[in-house]
Every structure is written in structure tokens, then in C-alpha cells.
Amino acid sequence: MSQFCVLFCCMGNICRSPTAEGVFEALVAQAGLGSEVRVDSAGTHAYHVGEQPDARSQRHARTRGYDLSRQRARQVCDADFETFDLVLAMDWDNLALLEQLCPNEHLHKLRLFMSFAPDAGSAVVPDPYYSGADGFERVLDLVERASQGLLAHVQQRLRERDAQSEPT
């Protein structure tokens with residue numbers, strides 16, 4: 001059985017998408033799905049390729065038990081649209097850029113990450129880069145909320161895959 005693959009995308013892959021990767025990866029592990037779900041993140045721009053997540057993102061994530069230190073920024077590539085089952089944008093601008101890059105046959109994989117938390121009061125995860133500590137805490141609040149909804153969605157998709165692969 002192939003893994004279910006989720007890619008989180010923001011602009012530079014140093015604040016929001018690495019935070020989402022770390023939070024969701026932790027939830028996947030807690031759910032015992034580490035071998036069934038692959039989690040990654042990337043940026044729509046190449047500003048920070050090879051760099052660790054922003055120190056503020058790492059610090060705030062660490063206070064909630066998430067370790068982002070092993071991550072390195074990368075840019076979205078053509079193969080991502082083929083490889084990943086879901087490509088989740090942090091905001092409308094990143095979604096629009098992904099739509100421009102994505103081949104038509106994979107457009108159905110693109111979504112706003114916050115669509116998994118429709119009651120969270122925000123359609124997007126705002127960029128905290130130019131904000132203070134409160135911006136990074138807000139990102140974590142939103143990411144944790146949407147990650148719960150995403151986990152339920154992924155678990156459902158895995159159940160559907162298992163049901164389809166059962167012999168008749």
C-alpha cells in the first residue's frame with residue numbers, strides 16, 4: 001500500500017509551512033500512522049532554500065512540543081504535484097501560485113490548509129514573518145486546529161483506500 005502524502009506550502013518555507021509540517025507530523029505519529037502518511041513542506045519561492053525554519057518559528061513550536069530543527073527549506077517542484085495526494089496552501093496568494101504551476105490533471109489536489117478548520121475564524125494562516133511573538137502563536141493556534149481536521153480527512157481517505165484494496 002502506498003503512503004498518503006501531504007505537502008504544506010507557503011512563500012519561503014521557513015515559517016508557516018514548516019510549522020504545519022511539524023505539527024501534522026506529530027499528530028500523525030500520535031495516531032500511529034507514521035508509516036502510512038508522508039508529510040513535507042515547500043515554498044512557492046526559492047528565497048530560503050537549504051535554510052532551517054525561522055528561529056522564532058522553531059522557538060514557539062518547541063514550547064508546544066514540536067521540533068522543526070531537522071527541516072530545511074525547499075522550493076515546490078514539478079514532481080510534487082504528481083507525488084503528493086494533497087498540496088495545501090497557507091494563503092490565497094500561495095494557492096494562486098500553486099494553481100499556475102500545477103498541471104491540470106493534479107489541480108484537484110490543491111486546497112487551502114484552513115479549509116480543514118472552517119470554524120477557526122480564518123480562511124488563511126497569516127504570515128508571521130514581520131510580526132511579534134503573537135503572530136507566531138496565532139500561526140500555531142490555526143495550524144493545530146486545521147491539523148485536527150486534516151488528520152480526520154486523511155484517516156477517512158486511508159480507510160477508503162483500504163476498503164478498495166480488499167479482495168472481493
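The values are calculated or read from the model by the stated rules, or taken from the named source; none is laboratory data. This structure is a prediction, so every number in the text was calculated from the model and none was measured. Don't worry about glycine lacking a Cβ; one is built from the backbone with ideal geometry, like all the others, and counts go over all protein chains shown. Protein only, heavy atoms only, side chains kept; ligands, DNA and RNA dropped before computing areas. Shrake-Rupley method; radii C 1.70, N 1.55, O 1.52, S 1.80 Å.
Of all residues in the range 6-23, those satisfying the criterion of being open to solvent by less than 10 Å² (accessible area, probe 1.4 Å), in contact with a strand residue (DSSP E or B) (Cβ under 8 Å, 6 or more places away or on another chain) and either free of Cβ contacts under 8 Å to residues at least 24 places away in the same chain or among the hydrophobic types (A, V, I, L, M, F, W, C) (or both) are Val6, Leu7, Phe8, Cys9, Cys10, Ala20.
When Glu82 is tested against (1) in contact with a helix residue (DSSP H, G or I) (Cβ under 8 Å, 6 or more places away or on another chain); (2) open to solvent by 20 Å² or more (accessible area, probe 1.4 Å); (3) within 19 Å of Ser147 (Cβ to Cβ); (4) of a type outside the set (Val, Ile, Thr), only condition (3) is not met. Among the residues making up the range 55-87, those that are within 14 Å of the chain's Cα centre (by Cα) and of a type in the set (Asp, Glu) are Asp80, Asp85.
Among the residues making up the range 24-57, those that are free of Cβ contacts under 8 Å to residues at least 24 places away in the same chain and either open to solvent by less than 20 Å² (accessible area, probe 1.4 Å) or of a type in the set (A, V, I, L, M, F, W, C) (or both) are Ala29, Ala55. Considering the range 88-105, the residues that are under 17 Å from the mean Cα position of the chain (by Cα) and in a helix (DSSP H, G or I) include one that is surrounded by the most Cβ atoms within 10 Å (Cβ to Cβ), namely Asn94.
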